[in-house]
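Take a look at the structure set out below.
What follows is calculated from the coordinates using simple rules that are stated; it is not laboratory data. These numbers were taken from a predicted model, which means no experiment stands behind them. FYI the Cβ positions are ideal-geometry reconstructions off the backbone, even for glycines, and counts take in every protein chain you see.
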Amino acid sequence: MKFIVIKHHKAEGLGIIEHWLNLNNHEWQIIEYGTPFPCDAELYDGLIVLGGPMHIDVSNAILNREVGLINHFISQHKPTLGICLGAQLIAFSLGAQILKSGEPEFGWMSVLTSDKLELLVPQWHEQQSTLPVGAILLASSSRCKVQMFSYQQHVLATQFHPEWNNVEIEKLKHAFGDDCPLYKVDSTLEAGLQKWWFKQLDAWFIRAIGVA
């Protein structure tokens, strides 16, 4: 399968999602923020929308185009994944509200999954979404109710950044300097988060393509 990947900042790439894509023999094309989309989206089997420092604003024509592309993939029942800003764009496309967080989440912070698993995950956001109508809440935190949700069988969105490991954090520190609130963690924590995230991606993809 071939994915379109929307990248909003040079330092915020696929992270460990790239490893998952390679393990599953998927292909992808990265579309940098503000550059034209492929002429024929029908040639692509799925969409991944990454994070970025910008906020959702109805006057932002570039993000509005992204919402249109997201709507297309969702309506075609194709695998659609969003991280942080990408998750908010998916939620917005499904009619949810995007709100300023009462307390921003910066750094490694805890989320609680719907199956009662507490995870320490990378966070870096000042906005959050409400839960779209018809979506299933999969994780929450004390500061942000909607940390992760699914919609129908083919949409998955996370407000936190499960794709970031120590290598990605080093890239963020290089790009953002002291503004980056994250730090490297023990390899056991890093490996545990990757194992959990790959399990989520596997389950999402199986649901999305309808394989029992």
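Once phi is turned into ³J(HN,Hα) by the Karplus curve 6.51 cos²θ - 1.76 cosθ + 1.60 with θ = phi - 60°, what whole-Hz value does each residue of the stretch 87-96 show in order, with x for glycine and proline?
5, 5, 5, 5, 4, 4, 5, 9, x, 6
Taking the Cα centre of the chain as origin, sum charge times position over the Cβ atoms of Lys and Arg (+1) and Asp and Glu (-1), and report the length of that vector in debye to the nearest 20. Mind dumping the intermediate values first?
Details: 15 positive and 22 negative charges, 73 e Å.
Its charge dipole is roughly 360 debye.
Considering the values (i) 61, 37, 29; (ii) 42, 42, 33; (iii) 51, 42, 30, which represents Cα extents along the principal axes in Å as calculated for the structure under consideration?
Answer by label: (ii).
Enumerate the amide H contacts of residue 52 below 5 Å, restricted to partners 5 or more residues apart or on another chain; note that Pro and chain-start residues carry no placed amide H.
Excluding prolines and chain starts, which carry no amide H, the hits are 85, 86.
Using Cβ counts within 10 Å as a stand-in for footprinting exposure, how do 148, 1 rank, fewest first? Please list the in-between numbers first.
Numbers: 148 23, 1 16.
Ranked by crowding around the Cβ, least crowded first: 1, 148.
If the reach is capped at under 18 angstrom between alpha carbons, list the aspartates and glutamates near residue 100, excluding any in the same chain fewer than eight residues apart.
57, 126
Residues in the stretch 79-119 near a label at residue 133, defined as backbone nitrogen under 16 Å from the 7 Å Cα→Cβ point?
Only 91-98 pass the distance filter.
Going by how many other beta carbons lie within 10 Å of each one, how would you line up 92, 198, fewest first?
Going from least to most buried by this count: 198, 92.
Relative contact order of the chain, please, whole-number percent, based on alpha carbon pairs below 8 angstrom and at least 6 residues apart.
Here the relative contact order equals 18 percent.
Where does the charge balance sit around residue 210 when Lys and Arg score +1, Asp and Glu -1, over other residues with C-beta under 14 Å from its C-beta?
Around residue 210, the charge tally is +1.
Among 33, 91, 46, which residue has its Cα furthest toward the positive end of the charge dipole of the stretch 17-129, with +1 on Lys/Arg Cβ and -1 on Asp/Glu Cβ?
91
Between residue 178 and residue 143, what is the spin-label point distance in nm, taking each point 7 Å from the Cα along the Cα→C-beta axis?
Going from the residue 178 label point to the residue 143 one covers 2.0 nm.
Residue by residue, what Karplus-based ³J(HN,Hα) values in Hz, rounded to whole numbers, does the stretch 122-136 have, using 6.51, -1.76 and 1.60 with θ = phi - 60° and x for Gly and Pro?
Per residue, the Karplus-derived 3J(HN,Hα) values read x, 10, 6, 7, 10, 10, 8, 10, 7, 7, x, 4, x, 7, 10 Hz.
Using only DSSP helix segments of four residues or longer, with each worth -39500 (n - 2.57), what per-residue ellipticity at 222 nm results for the chain after dividing by its residue count and rounding to 500?
-9500 deg cm²/dmol
I need 93, 75 ordered by Cβ neighbour count within 10 Å, fewest first.
75, 93
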